[in-house]
Structure formats: structure tokens, C-alpha cells
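Worksheet: the structure to be examined is printed underneath.
Bear in mind these aren't lab numbers, they're just calculated from the coordinates by the rules spelled out. This one's a predicted model, so the numbers in the text were calculated from it and none came from an experiment. No Cβ is skipped: glycine too gets one built from the backbone with ideal geometry, and neighbour counts run over all protein chains shown.
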Amino acid sequence: MDESIPWEIRLRCIDSFIPLFHDLFQSRCTQHLSYLRRAGHPEFNEVGPLNSACYMWWDFDCWFAPSTHPTGRALNQAFLGIMRQVLGLPHTACRESALHGLGHWHRAYPAETEQIIDAFLAANPGARAELKQYALAARCGCIQ
């Protein structure tokens, strides 16, 4: 959010999240859902060590810009665009992460997050039930 850093550089930083998810998380995380840990699901014992970082990526407070910030809307739109792209990756942990982020952004951008999640659900009717359940929770900002 530092206005002394040119917008193009800040945007390049945000855009670097795509290779992070595509090249690192997608290749190193297991195809398991981290949110199931809280539900005591037995699958969680198989979750890879990097899955937690992937899942919680959007919990860093520095990612969300207040709407009162001069470029807050532009920053948040860039982040929402990244989450939309990450949902397009064919990897369960990456998709869960994007849904987690969208759940956090829902309070400030309900229409945008709902549209992104609806498009994901429509494009992925065969997604596993637990991922669809998490998507529906994120759609109303009710993520864990």
C-alpha cells in the first residue's frame, strides 16, 4: 500500500503470486484440503507440509487494502483477479487457498467474490463435495 512505490511495481508483486501458486504450491502441495483439519477429518493426516502456507496465504493482513486507501480498490481488484486465476489451477490445495481468500474479501466485495465463486462452481461440477462445501461457505464469507 506504500504510495512511494510505483503502481507498476506493486502490481508486478501481486502478479508474482501466479507463479508462486502454479510453480511452487501446485507442484509441492498434496491434493488435500486443509480446512478439514478443524473438522477432525482423517484425511488431514495426509496433508503435505507446504499445504498450510498455501491455505493461509491470504490471511496476511498486508494483502487487503482498506477502501479508504488511495489505491485500495485497485489493489483489491488485482488480488481478486489473482484468486480467480488460482481457482483455474487444477489443484485442490490451490483452489482451497483462493476460496479462503475470497471468503475474507467477501465482506468488502460481496458481489465480486460471489461472481468468482459462482463461475468456479459452474465450471467445475465434478469438483469434490468438500471443496464445493468450502466454496459455498466462502461465498457468504463464512470461511474457517
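Things to note:
- Residue (of Ser67, Val86, Tyr35) at the positive-pole extreme of the chain, dipole from beta-carbon charges: Tyr35
- The calculated 222 nm mean residue ellipticity attributable to helices in the chain amounts to -14500 deg cm²/dmol, summing -39500 (n - 2.57) over DSSP H runs of n ≥ 4 and dividing by all residues.
- Placing +1 on the Cβ of every Lys and Arg and -1 on the Cβ of every Asp and Glu, with nothing else charged, gives the chain a dipole about its Cα centre of roughly 240 debye.
- Helical segments meeting 18 Å axial Cα length and Kyte-Doolittle 1.0 threshold in the chain (DSSP H): none
- Ranked for footprinting exposure by Cβ neighbours inside 10 Å, fewest first, Met83, Met1 give Met1, Met83.
- Working from Cα pairs under 8 Å separated by at least six residues, relative contact order for the stretch 7-139 is 25 percent.
- Fewest neighbouring Cβ atoms within 10 Å first, the residues Ser34, Ser4, Ser67 line up as Ser4, Ser67, Ser34.
- Take the Cα of Ser4, step 7 Å toward its Cβ, do the same at Glu46, and the gap between the two points is 5.0 nm.
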